[in-house]
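Structure, as structure tokens:
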Amino acid sequence: MVSESPARRFLAEARRRLARRRAAWGVSARRLTSGPDHILVAPADLRAGDAHIADEIYAGRFPLAGRILETQGASPFTIALPSREFAEELHAFAWLRNLRAAGHPLSYANGRALVSDWIRLHGNRAEGVAWEIDVVARRLIAWLSHSSILFKDADRRFRRRFLKSLSVQAAYLGRVAASARDGEERMRVRIALALVSICLPATPSAIRLAARRLDAELDRQILPDGTHISRNPQAALDILVDLLPLRQSAASVGHDPSVRLISAIDRMFPALRFFRHRDGALALFNGGSAASGERLAAVLRHDDTTAGRLRELPHGGFQRLGAGDTVVIADTGPTPAGNVGLQANGGCLAFEMSTGRDRLIVNAGAPVHDRETYLRFSRATAAHSTATIADISQVRVETSRFAGPRLVAGVTNVTATPQDSDTGARAFSATHDAYLARYGISHERQLRLEADGSSLIGRDRFLGADGRLADTVRLEAVLRFHLHPAVTVEERDGEIVLVPPGGHRWAFVCLDAQAKVEDDVFFADSAGPRRSHQIVVSVIISQTPELQWTLGRA
């Protein structure tokens, strides 16, 4: 669970910077060589575009990363940008999909002009945000995917410069690929390089090498049950959105997609369905944010698998209870090992609950924009529908100015046992050790969803190292149940009544302690953090080491 030692992280960062510096020298050298003369296939972009954003861009207004940049007629690549996150989005060129959605020559010409500006201003010197590893990978995917609209009515000079720049960037990415950060970034790099090998003229050996390296990453990052090693459902969706066009592109030019690529895709589809609420959105775990339900639906339309709905993801560490029109999804897994764990959240034993198309209990989720401002708050245990002890998060990270962050505490061991009954009720019991080393306490949670889906019964216990109730520990434990912003709250007769938009009222009752409603923040809204509410139950463990509560239709 704990990440690399400071010395190893220092050396890894030094190697990473040296690799980028050496690769940057190669960019200057490759300016004098010729590039490819055509593109064999343009991959599809499964992410939907917005024609209105294309109109904004044409007018010189760039709405990216939660900010709007007014260019006043200048190129956006020549003026100060409002944030680093904005710069990453601008240089990644994913916004080209909006120009495609507009569907008219003016937008295509605008895209060509902006790409030409980038090549002129940033294409010859590999430095700054524009040449960060993940940004280069995303830009290659975007340029290849939207090359057809950029080439529409383009002259030979633009085509030649565009193809040459693609070649230079791909060579750079190949040199720095081994130093990519573990997880999504490294996967995206391998996908981008595999796409380049298929979409641009390449030797058979180069195509096989790119495929083998991607296969190795898929084997390592996509677990046997289809979960991504980050344990973030949105990460799996984002990866699959790029893998599907790769598979299609390979087939369209006569290459058989590898068996391991097909296997990884087939494993990921059931896992994504596992995390899907009935409103079409993904559950918010381990950095998940607002993911378009339309995008998820578009991806799932490519699902040819016949697997039924999974009850649990044993390798990823998740449980799903479903009965009637009620769904409960719970995190019952440890903090990811290695440096992937640096992005993990402190949400073990947290759960989300929906009824029909209404979300009731959620996690606060990760911010879509302004991540530097809000991300550390969204990762804390207090931002999840689980228990916090002594106001300490389950996951703790230390940061070095040079070597970056290091995971110093997290969840190492989790036991989870399904306990479904013959009557149709769905249940599980799980225990984690995040607080065991520091306080000698384990948290156990049992959830039971009745057969008709009308009631969720929960029991939380705080146990000592001997497995008995920790009734001698004078520490505060706080249970939080974060409510979706669309849910309104009423308090009456010792009950807390939840009223979702669909109108079915649900009552929360805690039998062993007083529950109260407090203000809350929901981070994972596409428009930015939203005000919401949470149910909070606070106890002193020595006085109340066990709590029982119910959430049922009122």
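Quick note: the coordinates plus some simple rules give every number you see, no bench work behind them. The shown structure was predicted, so the numbers you read here are calculated from the model rather than taken from an experiment. Neighbour counts run over all protein chains shown; Cβ positions are idealised from the backbone, glycine included.
Cut-off is 10 Å between beta-carbons; in what order do Thr203, Thr386 appear when sorted fewest neighbours first?
Values: Thr203 9, Thr386 27.
Ascending number of Cβ neighbours within 10 Å: Thr203, Thr386.
Which whole-number percentage describes the relative contact order of region 97-243, with Cα contacts under 8 Å and a sequence gap of 6 or more?
On the way: 105 pairs, mean separation 31.6, N = 147.
The value is 21 percent.
Counting other beta carbons within 10 Å of each Cβ, put Val196, Val129 in order, fewest first. Numbers along the way, then the final one.
Details: Val196 24, Val129 16.
Starting with the residue having the fewest Cβ neighbours, the order is Val129, Val196.
By how many nm would the segment from Ala527 to Arg301 grow when fully extended, if each residue of separation counts as 0.36 nm and the alpha-carbon distance is taken off? Don't skip to the end; give the middle numbers.
Working: separation 226, 0.36 × 226 = 81.36 nm, distance 2.68 nm.
So the extension gain works out to 78.7 nm.
If I histogram all Cα-Cα distances within region 219-302 using bins 10 Å wide from 0, what percent of pairs lands in each bin?
18, 52, 25, 5
Which of Leu246, Pro257, Gln234 sits closest to the plus end of the dipole of region 228-271, meaning its Cα is farthest towards the positive end, when Lys and Arg get +1 and Asp and Glu get -1 on the C-beta?
The Cα lying farthest towards the positive end belongs to Gln234.
Counting alpha carbon pairs within less than 8 Å and at least 6 residues apart, what relative contact order, in whole percent, applies to region 180-309?
On the way: 136 pairs, mean separation 33.2, N = 130.
Rounded, it is 26 percent for region 180-309.
Full-extension gain between Tyr58 and Ile262, please, as 0.36 nm times their residue separation minus the C-alpha to C-alpha distance.
Values: separation 204, 0.36 × 204 = 73.44 nm, distance 3.95 nm.
Difference between extended and current length: 69.5 nm.
Could you work out Rg/(2.2 N^0.38 Å) for region 317-553, with Rg from alpha carbons only? Walk me through the intermediate numbers first.
Values: Rg = 17.4 Å, N = 237, 2.2 N^0.38 = 17.6 Å.
For region 317-553, the normalised Cα radius of gyration comes out at 0.99.
Which of the three applies to region 477-554, rounded, prolate or oblate, going by the alpha-carbon gyration tensor with a ≥ b ≥ c and a/c under 1.5 meaning rounded? If you can, show how the numbers build up before the last one.
Working: a/c = 2.73, a/b = 1.41, b/c = 1.94.
Cα axes put region 477-554 in the oblate bin.
Express the Stokes-Einstein translational diffusion coefficient of region 296-415 in µm² s⁻¹, to the nearest whole number, given a Kirkwood radius over alpha-carbon pairs, 4 °C and a viscosity of 1.567 mPa s.
Details: Rh = 16.3 Å.
This corresponds to a translational diffusion coefficient of 79 µm²/s.
So what is the relative contact order of the chain, in percent, for Cα pairs below 8 Å that sit 6 or more residues apart? Before the final figure, lay out the partial values.
Working: 1155 pairs, mean separation 68.0, N = 554.
Value for the chain: 12 percent.
Go through 517-526, 335-344, 374-383 and give me the packing order, highest mean Cβ count within 10 Å leading.
Details: 517-526: 17.6, 335-344: 22.2, 374-383: 20.1.
Sorting 517-526, 335-344, 374-383 by mean packing, highest first, produces 335-344, 374-383, 517-526.
Can you classify the chain as rounded, prolate or oblate using the Cα gyration tensor, where a ≥ b ≥ c are the square roots of its eigenvalues, rounded means a/c under 1.5, and otherwise it's prolate if a/b beats b/c and oblate if not?
Numbers: a/c = 1.97, a/b = 1.82, b/c = 1.09.
It comes out prolate by the Cα gyration axes.
Using 0.36 nm times the number of residues separating Leu121 and Asp420, minus their current alpha carbon distance, what extension gain do you get?
Numbers: separation 299, 0.36 × 299 = 107.64 nm, distance 6.15 nm.
Between Leu121 and Asp420, full extension yields an extra 101.5 nm.
Can you compute the modelled spin-label distance between Arg401 and Ala486, with each label point 7 Å from Cα toward Cβ, in nm?
Calculated label separation equals 4.8 nm.
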